[in-house]
Amino acid sequence: MKKRVLSGIQPSGNLHIGNYFGMIKRMIEYQESSDLFLFVANLHSLTTLSDAEELKRLTLEAATDLLALGVDPDLCYFWVQSDVPETTELAWILSCLTPMGLMERAHSYKDKIVKGIQPNLGLFNYPALMAADILINQADVVPVGKDQKQHLEMARDMAIKFNNIYGEIFKVPEPEIPDEIAVIPGTDGQKMSKSYKNTIPIFGEDAVIKKAVMGIVTDSKGVDEPKNPEGNTIYELYKLMTGPAEAKALADRFKKGGLGYGDAKKMLLEKIQKTFKPYREKHQELKNHPKKVETILAKGAEKVRALSHQTMLRVREATGLKY
Ligand code: ADP
Ligand code: TRP
(Lines give C-alpha, C1' and ligand atoms only; values in the text may rest on other atoms or scores of the structure.)
(Ligands and ions follow the chains in the order given, each with its own letter.)
Protein backbone atom coordinates (compact mmCIF):
# COMPACT_ATOMS: atom_id res chain seq x y z
CA MET A 1 0.00 0.00 0.00
CA LYS A 2 1.14 3.54 -0.73
CA LYS A 3 2.23 5.65 2.23
CA ARG A 4 0.09 8.57 3.29
CA VAL A 5 2.09 11.76 3.19
CA LEU A 6 0.47 14.84 4.72
CA SER A 7 1.32 18.50 4.81
CA GLY A 8 -0.43 21.77 5.58
CA ILE A 9 0.54 25.14 4.19
CA GLN A 10 -0.42 28.38 5.90
CA PRO A 11 -1.75 30.86 3.37
CA SER A 12 0.67 33.74 3.71
CA GLY A 13 0.84 35.13 0.18
CA ASN A 14 3.52 35.67 -2.45
CA LEU A 15 5.06 32.24 -2.92
CA HIS A 16 8.73 32.44 -3.79
CA ILE A 17 11.12 30.08 -5.51
CA GLY A 18 12.50 29.00 -2.11
CA ASN A 19 9.03 27.68 -1.22
CA TYR A 20 8.83 25.93 -4.58
CA PHE A 21 12.20 24.16 -4.57
CA GLY A 22 12.23 23.69 -0.79
CA MET A 23 8.80 22.15 -0.45
CA ILE A 24 6.14 22.40 -3.16
CA LYS A 25 8.09 20.51 -5.82
CA ARG A 26 8.60 17.66 -3.37
CA MET A 27 4.87 17.60 -2.61
CA ILE A 28 4.05 17.39 -6.31
CA GLU A 29 6.41 14.44 -6.63
CA TYR A 30 4.64 12.71 -3.74
CA GLN A 31 1.42 12.74 -5.77
CA GLU A 32 2.83 9.94 -7.90
CA SER A 33 4.72 7.91 -5.33
CA SER A 34 2.38 8.21 -2.32
CA ASP A 35 -1.12 9.12 -1.22
CA LEU A 36 -0.71 12.84 -0.75
CA PHE A 37 -2.89 14.81 1.68
CA LEU A 38 -2.31 18.53 1.23
CA PHE A 39 -4.35 21.36 2.69
CA VAL A 40 -4.42 25.12 3.14
CA ALA A 41 -4.09 25.67 6.90
CA ASN A 42 -6.41 28.67 7.28
CA LEU A 43 -7.39 27.81 10.87
CA HIS A 44 -3.75 28.09 11.85
CA SER A 45 -3.58 31.52 10.18
CA LEU A 46 -6.48 32.62 12.35
CA THR A 47 -4.13 32.52 15.36
CA THR A 48 -2.41 35.66 14.05
CA LEU A 49 -4.80 37.17 11.48
CA SER A 50 -8.20 38.69 12.20
CA ASP A 51 -8.97 40.49 8.94
CA ALA A 52 -11.73 38.40 7.32
CA GLU A 53 -11.28 39.73 3.77
CA GLU A 54 -7.55 39.20 3.98
CA LEU A 55 -7.91 35.62 5.21
CA LYS A 56 -10.35 34.80 2.39
CA ARG A 57 -8.09 36.36 -0.20
CA LEU A 58 -4.98 34.59 1.07
CA THR A 59 -6.76 31.24 1.27
CA LEU A 60 -7.95 31.36 -2.34
CA GLU A 61 -4.60 32.68 -3.47
CA ALA A 62 -2.73 29.82 -1.80
CA ALA A 63 -5.06 27.28 -3.38
CA THR A 64 -4.69 28.93 -6.80
CA ASP A 65 -0.90 29.04 -6.51
CA LEU A 66 -0.62 25.38 -5.55
CA LEU A 67 -2.95 24.25 -8.33
CA ALA A 68 -0.99 26.32 -10.85
CA LEU A 69 2.27 24.72 -9.68
CA GLY A 70 0.99 21.22 -10.35
CA VAL A 71 -1.12 20.04 -7.43
CA ASP A 72 -3.57 17.73 -9.18
CA PRO A 73 -6.84 17.17 -7.31
CA ASP A 74 -7.33 13.87 -9.15
CA LEU A 75 -4.03 12.54 -7.80
CA CYS A 76 -4.22 13.75 -4.21
CA TYR A 77 -6.47 15.00 -1.44
CA PHE A 78 -6.42 18.79 -1.61
CA TRP A 79 -8.65 20.93 0.58
CA VAL A 80 -9.00 23.91 2.93
CA GLN A 81 -8.61 23.00 6.60
CA SER A 82 -11.76 24.77 7.85
CA ASP A 83 -13.94 22.82 5.40
CA VAL A 84 -13.43 19.72 7.56
CA PRO A 85 -14.79 20.73 10.98
CA GLU A 86 -14.17 17.21 12.34
CA THR A 87 -10.54 18.32 12.68
CA THR A 88 -11.37 20.96 15.28
CA GLU A 89 -13.45 18.44 17.18
CA LEU A 90 -10.47 16.12 17.35
CA ALA A 91 -8.21 19.02 18.36
CA TRP A 92 -10.40 19.53 21.43
CA ILE A 93 -10.27 15.86 22.34
CA LEU A 94 -6.48 15.81 21.97
CA SER A 95 -6.17 18.99 24.09
CA CYS A 96 -7.91 17.19 26.90
CA LEU A 97 -5.21 14.51 26.83
CA THR A 98 -2.28 16.89 26.71
CA PRO A 99 -0.54 18.10 29.86
CA MET A 100 -0.08 21.87 30.11
CA GLY A 101 3.63 21.30 30.68
CA LEU A 102 4.02 19.72 27.23
CA MET A 103 2.30 22.63 25.50
CA GLU A 104 4.29 25.19 27.48
CA ARG A 105 7.49 23.74 26.11
CA ALA A 106 6.56 24.48 22.46
CA HIS A 107 9.40 26.53 20.93
CA SER A 108 7.24 28.14 18.28
CA TYR A 109 4.85 29.52 20.91
CA LYS A 110 7.72 30.83 23.00
CA ASP A 111 9.42 32.33 19.91
CA LYS A 112 6.28 34.15 18.83
CA ILE A 113 5.91 35.68 22.26
CA VAL A 114 9.52 36.82 22.17
CA LYS A 115 8.75 38.49 18.81
CA GLY A 116 6.00 40.46 20.52
CA ILE A 117 2.99 38.63 19.05
CA GLN A 118 0.12 38.92 21.57
CA PRO A 119 -0.51 35.33 22.57
CA ASN A 120 -4.05 33.99 22.40
CA LEU A 121 -5.35 30.57 23.42
CA GLY A 122 -5.40 29.48 19.77
CA LEU A 123 -1.70 30.17 19.40
CA PHE A 124 -1.02 28.17 22.55
CA ASN A 125 -3.17 25.30 21.32
CA TYR A 126 -1.73 25.39 17.79
CA PRO A 127 0.14 22.07 18.23
CA ALA A 128 -3.08 20.25 19.18
CA LEU A 129 -4.77 21.47 16.00
CA MET A 130 -1.74 20.44 13.98
CA ALA A 131 -1.78 17.02 15.65
CA ALA A 132 -5.47 16.70 14.78
CA ASP A 133 -4.72 17.50 11.11
CA ILE A 134 -2.18 14.72 11.03
CA LEU A 135 -3.92 12.07 13.13
CA ILE A 136 -7.42 12.41 11.70
CA ASN A 137 -5.98 11.59 8.28
CA GLN A 138 -3.94 8.65 9.59
CA ALA A 139 -0.78 10.05 8.01
CA ASP A 140 2.30 7.81 7.85
CA VAL A 141 4.78 10.53 6.98
CA VAL A 142 4.85 14.28 7.57
CA PRO A 143 7.58 16.23 5.75
CA VAL A 144 8.38 19.23 7.93
CA GLY A 145 11.00 21.91 8.24
CA LYS A 146 13.14 21.95 11.35
CA ASP A 147 10.89 24.63 12.88
CA GLN A 148 7.96 22.19 12.89
CA LYS A 149 9.84 19.18 14.23
CA GLN A 150 8.73 19.67 17.81
CA HIS A 151 5.10 19.96 16.73
CA LEU A 152 5.39 16.61 15.06
CA GLU A 153 6.87 15.07 18.19
CA MET A 154 3.90 16.45 20.11
CA ALA A 155 1.52 14.88 17.56
CA ARG A 156 3.27 11.55 18.08
CA ASP A 157 2.96 11.88 21.87
CA MET A 158 -0.74 12.64 21.53
CA ALA A 159 -1.32 9.63 19.24
CA ILE A 160 0.51 7.30 21.62
CA LYS A 161 -1.33 8.62 24.65
CA PHE A 162 -4.71 8.41 22.94
CA ASN A 163 -4.06 4.84 21.77
CA ASN A 164 -2.92 3.80 25.27
CA ILE A 165 -6.02 5.13 26.92
CA TYR A 166 -8.71 4.42 24.36
CA GLY A 167 -7.34 1.67 22.10
CA GLU A 168 -5.37 1.69 18.86
CA ILE A 169 -7.10 4.17 16.61
CA PHE A 170 -4.35 6.45 15.38
CA LYS A 171 -1.23 5.80 13.36
CA VAL A 172 1.86 7.27 14.97
CA PRO A 173 3.28 9.53 12.22
CA GLU A 174 6.95 9.69 11.22
CA PRO A 175 8.65 13.00 10.48
CA GLU A 176 10.63 13.50 7.31
CA ILE A 177 13.10 16.31 7.72
CA PRO A 178 15.00 17.41 4.65
CA ASP A 179 18.70 18.06 5.10
CA GLU A 180 20.32 21.48 5.35
CA ILE A 181 21.44 21.37 1.71
CA ALA A 182 17.84 21.94 0.76
CA VAL A 183 17.96 25.56 1.95
CA ILE A 184 17.52 27.85 -1.05
CA PRO A 185 19.44 31.13 -0.83
CA GLY A 186 17.73 34.48 -1.34
CA THR A 187 19.00 37.51 -3.23
CA ASP A 188 21.23 38.53 -0.29
CA GLY A 189 22.68 35.04 0.17
CA GLN A 190 20.78 34.22 3.39
CA LYS A 191 17.93 31.68 3.37
CA MET A 192 15.23 32.95 1.01
CA SER A 193 12.35 34.04 3.22
CA LYS A 194 9.52 36.53 3.21
CA SER A 195 10.76 37.77 6.57
CA TYR A 196 14.15 38.73 5.10
CA LYS A 197 12.68 40.50 2.04
CA ASN A 198 15.15 38.66 -0.18
CA THR A 199 12.72 36.60 -2.25
CA ILE A 200 12.23 35.98 -5.94
CA PRO A 201 8.45 35.67 -6.28
CA ILE A 202 7.00 33.06 -8.63
CA PHE A 203 3.85 34.85 -9.69
CA GLY A 204 5.04 38.45 -9.34
CA GLU A 205 5.13 40.99 -12.17
CA ASP A 206 7.98 40.47 -14.69
CA ALA A 207 9.59 43.73 -13.58
CA VAL A 208 9.59 42.65 -9.93
CA ILE A 209 11.22 39.32 -10.75
CA LYS A 210 13.79 41.04 -12.94
CA LYS A 211 14.62 43.57 -10.23
CA ALA A 212 15.07 40.79 -7.66
CA VAL A 213 17.37 38.73 -9.89
CA MET A 214 19.46 41.69 -11.05
CA GLY A 215 19.78 42.73 -7.39
CA ILE A 216 21.40 39.47 -6.27
CA VAL A 217 24.33 40.33 -4.04
CA THR A 218 27.74 39.15 -5.31
CA ASP A 219 31.36 39.93 -4.52
CA SER A 220 33.05 42.66 -6.55
CA LYS A 221 35.14 40.49 -8.91
CA GLY A 222 35.52 41.97 -12.40
CA VAL A 223 34.36 40.26 -15.60
CA ASP A 224 37.70 38.61 -16.39
CA GLU A 225 38.49 37.29 -12.93
CA PRO A 226 37.88 33.61 -12.15
CA LYS A 227 34.98 33.12 -9.74
CA ASN A 228 34.04 30.37 -7.35
CA PRO A 229 30.62 28.93 -8.27
CA GLU A 230 30.08 27.17 -4.92
CA GLY A 231 28.12 29.33 -2.51
CA ASN A 232 27.50 31.81 -5.33
CA THR A 233 23.77 32.57 -5.23
CA ILE A 234 23.44 32.92 -9.03
CA TYR A 235 24.94 29.49 -9.56
CA GLU A 236 23.05 27.87 -6.64
CA LEU A 237 19.72 29.08 -8.05
CA TYR A 238 20.60 28.28 -11.67
CA LYS A 239 21.52 24.73 -10.71
CA LEU A 240 17.99 24.12 -9.39
CA MET A 241 16.54 24.61 -12.83
CA THR A 242 18.97 22.73 -15.07
CA GLY A 243 20.41 19.28 -15.52
CA PRO A 244 23.95 18.56 -14.23
CA ALA A 245 25.63 19.19 -17.60
CA GLU A 246 24.23 22.69 -17.97
CA ALA A 247 25.04 23.49 -14.33
CA LYS A 248 28.62 22.33 -14.87
CA ALA A 249 28.90 24.47 -17.99
CA LEU A 250 28.04 27.57 -15.93
CA ALA A 251 30.41 26.52 -13.13
CA ASP A 252 33.23 26.11 -15.68
CA ARG A 253 32.59 29.55 -17.17
CA PHE A 254 32.70 31.11 -13.71
CA LYS A 255 35.95 29.30 -12.84
CA LYS A 256 37.61 30.23 -16.10
CA GLY A 257 36.91 33.96 -15.87
CA GLY A 258 35.32 36.05 -18.61
CA LEU A 259 31.76 35.74 -17.37
CA GLY A 260 30.58 38.81 -15.45
CA TYR A 261 27.94 38.65 -12.76
CA GLY A 262 25.60 40.88 -14.81
CA ASP A 263 25.54 38.43 -17.72
CA ALA A 264 25.21 35.45 -15.37
CA LYS A 265 22.18 37.12 -13.76
CA LYS A 266 20.62 37.54 -17.21
CA MET A 267 21.12 33.82 -17.85
CA LEU A 268 19.50 33.04 -14.51
CA LEU A 269 16.57 35.37 -15.22
CA GLU A 270 15.94 33.63 -18.54
CA LYS A 271 16.05 30.25 -16.83
CA ILE A 272 13.54 31.37 -14.19
CA GLN A 273 11.23 32.81 -16.85
CA LYS A 274 11.38 29.61 -18.89
CA THR A 275 10.92 27.30 -15.88
CA PHE A 276 7.91 29.10 -14.46
CA LYS A 277 6.21 30.19 -17.71
CA PRO A 278 3.74 27.28 -17.87
CA TYR A 279 2.89 27.70 -14.17
CA ARG A 280 2.35 31.43 -14.62
CA GLU A 281 0.02 30.78 -17.55
CA LYS A 282 -1.97 28.25 -15.57
CA HIS A 283 -2.08 30.70 -12.65
CA GLN A 284 -3.53 33.43 -14.85
CA GLU A 285 -6.13 31.03 -16.22
CA LEU A 286 -7.22 29.99 -12.71
CA LYS A 287 -7.33 33.60 -11.57
CA ASN A 288 -9.66 34.33 -14.47
CA HIS A 289 -11.91 31.46 -13.34
CA PRO A 290 -12.00 31.53 -9.52
CA LYS A 291 -15.12 29.37 -9.53
CA LYS A 292 -13.01 26.51 -10.87
CA VAL A 293 -10.77 26.74 -7.82
CA GLU A 294 -13.74 26.87 -5.47
CA THR A 295 -15.26 23.76 -7.08
CA ILE A 296 -11.98 21.86 -6.76
CA LEU A 297 -11.75 22.80 -3.08
CA ALA A 298 -15.36 21.83 -2.39
CA LYS A 299 -14.84 18.41 -3.99
CA GLY A 300 -11.54 17.94 -2.16
CA ALA A 301 -13.16 18.71 1.19
CA GLU A 302 -15.97 16.28 0.47
CA LYS A 303 -13.50 13.52 -0.38
CA VAL A 304 -11.37 13.99 2.74
CA ARG A 305 -14.36 14.59 4.99
CA ALA A 306 -15.74 11.15 4.21
CA LEU A 307 -12.53 9.67 5.67
CA SER A 308 -12.40 12.04 8.66
CA HIS A 309 -15.99 11.27 9.47
CA GLN A 310 -15.25 7.53 9.65
CA THR A 311 -12.30 8.10 11.97
CA MET A 312 -14.34 10.40 14.20
CA LEU A 313 -17.11 7.82 14.53
CA ARG A 314 -14.50 5.50 16.01
CA VAL A 315 -13.09 8.26 18.21
CA ARG A 316 -16.53 9.19 19.51
CA GLU A 317 -17.24 5.57 20.29
CA ALA A 318 -13.89 5.00 22.00
CA THR A 319 -14.00 8.15 24.13
CA GLY A 320 -17.59 7.78 25.32
CA LEU A 321 -18.79 10.85 23.44
CA LYS A 322 -21.26 8.60 21.65
CA TYR A 323 -23.71 7.76 24.42
P1 ADP B 1 8.99 32.09 4.53
O2 ADP B 1 10.31 31.83 5.23
O3 ADP B 1 9.19 32.83 3.25
O4 ADP B 1 7.97 32.75 5.46
P5 ADP B 1 7.52 29.75 5.03
O6 ADP B 1 8.10 29.66 6.39
O7 ADP B 1 6.09 30.16 4.88
O8 ADP B 1 8.43 30.70 4.13
O9 ADP B 1 7.77 28.36 4.31
C10 ADP B 1 6.80 27.58 3.66
C11 ADP B 1 7.48 26.31 3.19
O12 ADP B 1 8.53 26.58 2.25
C13 ADP B 1 8.14 25.52 4.33
O14 ADP B 1 7.92 24.15 4.08
C15 ADP B 1 9.61 25.84 4.20
O16 ADP B 1 10.41 24.78 4.66
C17 ADP B 1 9.77 26.06 2.70
N18 ADP B 1 10.81 27.08 2.47
C19 ADP B 1 10.68 28.41 2.65
N20 ADP B 1 11.83 29.06 2.33
C21 ADP B 1 12.71 28.12 1.97
C22 ADP B 1 14.08 28.14 1.55
N23 ADP B 1 14.74 29.29 1.41
N24 ADP B 1 14.68 26.98 1.27
C25 ADP B 1 14.01 25.83 1.38
N26 ADP B 1 12.74 25.73 1.77
C27 ADP B 1 12.07 26.85 2.06
N1 TRP C 1 2.16 24.58 11.13
C2 TRP C 1 2.57 24.38 9.77
C3 TRP C 1 3.40 25.58 9.27
O4 TRP C 1 3.23 26.67 9.75
C5 TRP C 1 1.37 24.20 8.88
C6 TRP C 1 0.60 22.99 9.27
C7 TRP C 1 -0.63 22.97 9.88
C8 TRP C 1 1.01 21.65 9.10
N9 TRP C 1 -1.01 21.67 10.08
C10 TRP C 1 -0.05 20.84 9.63
C11 TRP C 1 2.16 21.05 8.56
C12 TRP C 1 0.05 19.46 9.63
C13 TRP C 1 2.24 19.66 8.58
C14 TRP C 1 1.19 18.87 9.11
O15 TRP C 1 4.20 25.41 8.37
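The values are calculated or read from the model by the stated rules, or taken from the named source; none is laboratory data. All figures in this text were calculated on a predicted structure; none of them were measured in a lab. Every residue, glycine among them, receives a Cβ derived from its backbone with ideal geometry; neighbour counts consider all protein chains shown. Accessible surface is based on the protein model in full, side chains and every heavy atom, while ligands, DNA and RNA are left aside. Shrake-Rupley method; radii C 1.70, N 1.55, O 1.52, S 1.80 Å.
Quick notes on this one:
- At an R0 of 22 angstrom, the distance between the Cβ atoms of Glu205 and Leu49 translates into a FRET efficiency of 0.35.
- With the Kirkwood sum run over all distinct C-alpha pairs, region 215-307 has a hydrodynamic radius of 16.1 Å.
- Remark: region 194-285 carries 58 Å² of accessible area per residue (probe radius 1.4 Å; ligands, DNA and RNA excluded).
- Across all Cα atoms of region 138-219, the radius of gyration (one decimal) and Dmax (whole number) stand at 19.6, 61 Å.
- At an R0 of 22 angstrom, the distance between the Cβ atoms of Asp74 and Ser12 translates into a FRET efficiency of 0.25.
- Potential lengthening between Gln150 and Gln190 on full extension [0.36 nm per residue; Cα-Cα distance subtracted]: 12.0 nm
- Rounded to 5, percent antiparallel among DSSP beta bridges of the chain: 10
- When each of the peptides 102-110, 265-273 is scored by the mean number of other C-beta atoms lying within 10 Å of its residues, the order from highest to lowest reads 265-273, 102-110.
- Cβ-Cβ FRET estimate between Glu317 and Ser108, R0 fixed at 45 Å, reported to 0.05: 0.85
- Here region 118-176 and region 273-293 have alpha carbon centers that stand 34 Å from each other.
- Modelled label positions at Ile177 and Ala306, each set 7 Å beyond Cα in the direction of Cβ, lie 3.7 nm from each other.
- Separation of alpha-carbon centers, region 27-47 and region 63-85, rounded to whole Å: 7
- Pairs exceeding a 26 Å alpha-carbon distance, out of Lys2/Lys194; Lys56/Lys265; Lys271/Lys303; Lys211/Lys271; Lys171/Lys303; Lys56/Lys194: Lys2/Lys194; Lys56/Lys265; Lys271/Lys303.
- The value given for the chain is a Kirkwood hydrodynamic radius of 21.5 Å, derived from the mean inverse Cα-Cα separation.
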